[in-house]
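Everything on this sheet refers to the single structure shown next.
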Amino acid sequence: MALRSVISLTPTQRGELQAHLRRRNLPASVAIRMRIVLLLEEGASYDDIKEKLDTTAPTISLWKRRYIAEGLVGLATFHPGQAPQKLTPQLRAKILAKTQQAPPDGSTHWSLRKMAAVIGVGKDLIRQCGAKPT
């Protein structure tokens, strides 16, 4: 028995989804998510959607839940990234002190990337410090 799960969309919501699907710069992953919602609204079964969009039942369930909970915004992918790092006086002192020591890998000189890996910050923060590795 094919599982059927219908979502009720207002004409405005349906039009909004269809308008986004007509955009040429819409990422394919987001377009599939929108098509899942539209097919669910039409009453298509999970099996029909899986076959038509080459996806899985858990994927269909995920985007159905996200759309119901958050609307169109829930279909977007959001990666918050990392908080920006700031060069504090304490961090600067730590970097400058580390330049006076030999690198742990036995090499004769520090590189920006090597220093960043040892301290645990980005290479651009090491560069910003202005320390000239010995």
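Out of D48, D105, D54, which single residue is within 30 Å of V121 (Cβ to Cβ) and more than 20 Å from the chain's Cα centre (by Cα)?
Values: D48 fails: within 30 Å of V121 (Cβ to Cβ); D54 fails: within 30 Å of V121 (Cβ to Cβ).
Just a single option satisfies the conditions, and that option is D105.
L40: in contact with a helix residue (DSSP H, G or I) (Cβ under 8 Å, 6 or more places away or on another chain), buried (at least 16 other Cβ atoms within 10 Å of the Cβ), of a type outside the set (D, E) and in a helix (DSSP H, G or I), yes or no?
Working: in contact with a helix residue (DSSP H, G or I) (Cβ under 8 Å, 6 or more places away or on another chain): yes; buried (at least 16 other Cβ atoms within 10 Å of the Cβ): yes; of a type outside the set (D, E): yes; in a helix (DSSP H, G or I): yes.
Against the criterion (in contact with a helix residue (DSSP H, G or I) (Cβ under 8 Å, 6 or more places away or on another chain), buried (at least 16 other Cβ atoms within 10 Å of the Cβ), of a type outside the set (D, E) and in a helix (DSSP H, G or I)), L40 qualifies.
From the list Q90, Q82, exactly one residue is closer than 30 Å to A116 by Cα and either small (G, A, S) or within 20 Å of the chain's Cα centre (by Cα) (or both). Which is it? Lay out the reasoning, then the answer.
Details: Q90 fails: either small (G, A, S) or within 20 Å of the chain's Cα centre (by Cα) (or both).
It is Q82.
Quick check: anything in region 23-42 under 26 Å from S8 (Cβ atoms), at pLDDT 90 or above and in contact with a strand residue (DSSP E or B) (Cβ under 7 Å, 6 or more places away or on another chain)?
no
If you check R35, R65, which single one turns out to be assigned to a helix (DSSP H, G or I) and within 19 Å of the chain's Cα centre (by Cα)? So that I can check it myself, show each step before the final result.
Numbers: R35 fails: within 19 Å of the chain's Cα centre (by Cα).
Just one listed residue meets the conditions, R65.
Please enumerate the residues belonging to region 1-32 that are over 18 Å from A76 (Cβ atoms) and either of a type in the set (A, V, I, L, M, F, W, C) or in a strand (DSSP E or B) (or both).
M1, A2, L3, R4, V6
Looking for whichever is assigned to a loop (DSSP other than H, G, I, E, B), not hydroxyl-bearing (S, T, Y) and not assigned by TED's automatic domain parsing to the domain that holds K123 here; the options are P84, P58. Which one fits? Please lay out each step first, then the result.
On the way: P58 fails: assigned to a loop (DSSP other than H, G, I, E, B).
Within the list P84, P58, the selection yields P84.
The values are calculated or read from the model by the stated rules, or taken from the named source; none is laboratory data. What you see is a predicted model, and the numbers here were worked out from it, not measured in a lab. All Cβ positions, even for glycine, are placed from backbone atoms using ideal geometry, and neighbour counts span all protein chains on display.
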